[in-house]
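A short write-up of the structure that comes next.
Values in this text are rule-based calculations from the coordinates and carry no lab data. Keep in mind that what you see is a predicted model, and the values were worked out from it rather than measured. All Cβ positions, even for glycine, are placed from backbone atoms using ideal geometry, and neighbour counts span all protein chains on display.
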Amino acid sequence: MIGKLNPSEKQVTVVGAGISGLLIGYALKRKGYQVAIHEKSNRCGGLIESKHTACGLVETAAHSILVNESVKSLLDELGVEVIGVNPDSKARYIYRKGKMRRMPLTFFELLGTLFRFFRKPKLNKPLADLTLAEWGYAYLGKAATEFLLAPFTTGVFACHPSELNAKLSFPKLIPASPDFSFFQHFRSMSKKPKSPRGQMMVFKNGTEELIQKLEAKLKDNIIFNSPIHDLNSIKGNLVLSVPATDIQYSPLVTATVFFNRDAFPKSPPKGVGVLIPRGEGLRILGCLFNSSAFKGRTANPNQVSLTVMLGGTSDPEAVSLSEADIESIIERELQTLFNTQAKPDQITISKWSRAIPVYSSNLCNYINHLDQTFCSKQGRVIFSNFSGQVSIRGMIETIQSI
Ligand SMILES: Cc1cc2nc3c(=O)[nH]c(=O)nc-3n(C[C@H](O)[C@H](O)[C@H](O)COP(=O)(O)OP(=O)(O)OC[C@H]3O[C@@H](n4cnc5c(N)ncnc54)[C@H](O)[C@@H]3O)c2cc1C
């Protein structure tokens, strides 16, 4: 969140009824503010939509959430049910050298990473200015950066660690002193009181249920078809919960693919999913094994649901491909991964040309600029997925500290 509310002014205008606008609107209403949420379209949720299709559930954007105690307390208060990963399907894979692997590093690469873990890093710039790749090379080494960190950041931000500012994207990775090895940092962190990381969960009835429950609590406060362009005329507190026009977002295509079980000659993939580093011969960025990891993702038990991601900053052309081209890439690459022997029963595609903000050093500068200009006046706040937290969990934790 950028900026501060003016607590002596009880009126709040929130612009945007995506998850960020709804969460902050709800938190402020509970605190006794008079809230008016202006949404330019005729629906709430922005990027988030859950489609209940003939084959099963399709999420257009957020599909899962890390649930810790503070997230759980809000979900319980709203009456939103979440379900955890099936205990026998917890494996996560990285694709390397033609195979899905739980540990993608070789023995010697692992030794090199362990060595760096205990070594004081060689840094040529201040910790706050490091890209995530520079951080990774210094603290973990090249192999762990390219085959563990890079697929992970692709899964969260759809871009490479070299595009991310380490402190902005993963603040907990930054040690208190540049003289600390990663091991010393780890030890100092374990002495601090921790906020529990939480468990990966999905929404039983789809992520949109969270939107609907918030919308129900705010039904008298949301004004649809009400785009706000002129901010000067707004009285009282103003919260902007809309995307920024002048920052970089990674483009993304997601496709939820339903197969009959018989399409897999052995058995469907088991686990949470696989991430695919660039340079391994596949265009897709990763694949979630929805029906293996979570209950209730398909209309009937003979079906298998997978969600495939394509695009990101390394492949921006993907969002301009036709649906037929996207389908043929996905079918071909799922065959490479799982040896599928039949065509999918259904593919539902969502395309986002501006999907996820790139948490880069440019974004750091932009946040500082907003802090010193628009948000320097008390009562002007920015709370959106570029203002510090891209995930729903992060947003919930932020509004709970208002
Ligand atoms: C493919 C994908 C997968 C993801 N997976 C996950 C995940 O698994 N877990 C997770 O936690 N997060 C995930 N995320 C991130 C998360 O979904 C987003 O960060 C979040 O939904 C963004 O919400 P928002 O409210 O900030 O923005 P938006 O959803 O973009 O909402 C902005 C709202 O503002 C409205 N608006 C815009 N301009 C105006 C205006 N001038 N006046 C009035 N209204 C306006 C828009 O119509 C829209 O409703 C994913 C994102 C994507 C794209």
Sequence-separation-based contact order of the chain, relative, with Cα cut under 8 Å and 6+ spacing, percent: 29 percent
For the chain, built as a Gaussian network whose Cα springs stay under 10 Å, the top-fluctuating residue of Ser188, Ser64, Ser387: Ser188
Ranked by how many other beta carbons lie within 10 Å on average, peptides 160-168, 8-16, 339-347 from highest: 160-168, 8-16, 339-347
Fully extended contour minus Cα-Cα distance, from Arg197 to Arg261, at 0.36 nm per residue: 19.6 nm
Estimated 222 nm signal from helices in the chain, with DSSP H stretches of n ≥ 4 weighted -39500 (n - 2.57), rounded to 500: -8000 deg cm²/dmol
Three principal axis lengths of the stretch 78-237 [C-alpha, angstrom, descending]: 60, 46, 35
Radius, Kirkwood style, for the chain when every pair of distinct Cα atoms is counted (Å): 22.5 Å
Partner aspartates and glutamates for Lys377 [C-alpha distance under 14 Å; skip if fewer than 8 residues away on the same chain]: Glu9
Of Lys4/Lys29; Lys270/Lys295; Lys125/Lys191; Lys125/Lys172; Lys217/Lys351; Lys72/Lys172, pairs whose Cα-Cα distance is over 20 Å: Lys125/Lys191; Lys217/Lys351; Lys72/Lys172
Relative exposure of Leu127, Leu110, Leu275, judged by other C-beta atoms within 10 Å (fewest first): Leu110, Leu127, Leu275
Hz values of 3J(HN,Hα) by residue in the stretch 379-395 - Karplus curve (6.51, -1.76, 1.60), Gly and Pro given as x: x, 10, 10, 10, 9, 8, 6, 9, 8, x, 9, 8, 8, 5, 4, x, 5
In range of the label at Glu280: residues from the stretch 100-134 whose backbone nitrogen is under 18 Å from the point 7 Å along Cα→Cβ: 100-110
Distribution of pairwise C-alpha distances over the stretch 324-402, 10 Å bins, in %: 14, 28, 21, 18, 14, 4, 0
Column: log10 I(q)/I(0), Debye, Cα scatterers of the stretch 104-190, q = 0.10, 0.24, 0.26 Å⁻¹: -0.22, -1.26, -1.39
Cα gyration tensor category, rounded, prolate or oblate, for the stretch 264-402 with a/c compared to 1.5: prolate
Label-to-label distance, nm, for residues given as His52 and Ser8 (7 Å Cα→Cβ offset): 5.0 nm
Order of Lys120, Lys125 under a 10 Å beta carbon neighbour criterion, fewest first: Lys125, Lys120
Residue order, fewest to most surrounding Cβ atoms within 10 angstrom, among Cys364, Cys375: Cys364, Cys375
DSSP-defined antiparallel bridges as percent of all bridges, the chain, nearest 5: 70 percent
Potential lengthening between Thr106 and Ser226 on full extension [0.36 nm per residue; Cα-Cα distance subtracted]: 37.6 nm
Cα-projected label distance for Gln184 with Asp325, points at 7 Å along beta-carbon direction, nm: 5.2 nm
